[in-house]
1. Where the centroid of each part is defined by its Cα atoms, how far is segment 78-144 from segment 1-72 in Å?
2. Can you give me the % of accessible surface on the chain that is carbon or sulfur? Probe 1.4 Å, all protein chains present, nothing else counted.
3. If you add up the charges near ILE171, with Lys and Arg at +1 and Asp and Glu at -1, over every other residue whose beta carbon is less than 12 angstrom from its beta carbon, what do you get?
4. Hey, quick one: spin label on ASN56, modelled 7 Å out along Cα-Cβ, who in segment 128-152 has an amide N within reach, i.e. under 13 Å?
5. Relative contact order, percent, of segment 1-153 when contacts are C-alpha pairs under 8 Å separated by at least 6 residues?
6. Please say if segment 143-185 is rounded, prolate or oblate, where rounded means a/c under 1.5 for a ≥ b ≥ c the square roots of the C-alpha gyration tensor eigenvalues, and otherwise the choice is prolate for a/b larger than b/c and oblate otherwise?
7. Determine the calculated [θ] at 222 nm for the chain from helices alone, applying -39500 (n - 2.57) to every DSSP H run no shorter than 4 residues and normalising by the residue count; nearest 500 deg cm²/dmol.
8. If you rank LYS148, LYS71, LYS3, LYS15 by how much accessible surface each has, with a 1.4 Å probe, what is the order from largest down?
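The values are calculated or read from the model by the stated rules, or taken from the named source; none is laboratory data. Source: prediction; values computed, not measured. Neighbour counts run over all protein chains shown; Cβ positions are idealised from the backbone, glycine included. Accessible surface areas use protein heavy atoms only, side chains included; no ligands, DNA or RNA. Shrake-Rupley method; radii C 1.70, N 1.55, O 1.52, S 1.80 Å.
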Amino acid sequence: MKKRLLFVGPPGAGKGTQAARLCEQHGMKHLSTGDLLRAEVAAGSELGKEAEAVMNRGELVSDALVLAIVKGQLGELGDGGWLLDGFPRNVAQAEALKPLLTEIGQPLEAVVLLELDDAVLMERMLSRGRDDDNEDVIRHRLEVYRDKTAPLIEHYRNQDLLIAVDAQGSIDAITARIEEALTGG
Ligand code: B4P
């Protein structure tokens, strides 16, 4: 199975949910920029204070801040495989990531795109109830996704790395779909 991965998809598509399961089942390291940012917010660090307002507006945190966090974690990736969840979020972050992975001798093997309708995304996020999960903010996050993150789909398709997976259905069914896609089935 391919084990050096990125997850891309609209907010609420289930990237965090599926990434945690896949990493647990296959002994891979899970690196979620959303979780790392929320940990900084909870710790009340300077970085967290800067990120909190941006996240609660549904905007993307600055590339410099996210890259600083990711760079600090790359040494911890190990050699059992890894999954970057929610990063990169735009083409600039993707371009910054590539040489960092080359430097550690661990190039990317696949980019999993989780695809889901807006109505289902909205429903899932409203029931999750995180601080940045109210209807206006979610709408804005969907716009930001289309504007800034969706261009990554073409970016990685052109590099022959993109695998699109239908993210509708039960959590188990989606995990099975992802595993099948990653083993070339
Ligand atoms: P993230 O933490 O990445 O979260 P997300 O996109 O909102 O959700 P995800 O797709 O992981 O969905 P989840 O599994 O939770 O981003 C949050 C914010 O952080 C961003 O808006 C941004 O401000 C900032 N940020 C993060 N990375 C950044 C970067 N690289 N650059 C700049 N800013 C960055 O699932 C959603 C809900 O659905 C859950 O309640 C789950 O239980 C449920 N669910 C999942 N699968 C389901 C299924 N199959 N059926 C029913 N419910 C399901």
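1. Measuring centre to centre over Cα atoms gives 8 Å.
2. Result for the chain: 48 percent of the exposed heavy-atom area is carbon or sulfur.
3. Overall, the nearby charge balance is +2.
4. Of the residues in segment 128-152, 131-134 have backbone N under 13 Å from the label point off ASN56.
5. It rounds to 41 percent for segment 1-153.
6. Because a/c hits 1.5 or more and a/b fails to exceed b/c, segment 143-185 counts as oblate.
7. -16500 deg cm²/dmol
8. Heavy-atom accessible area, descending, gives LYS71, LYS148, LYS3, LYS15.
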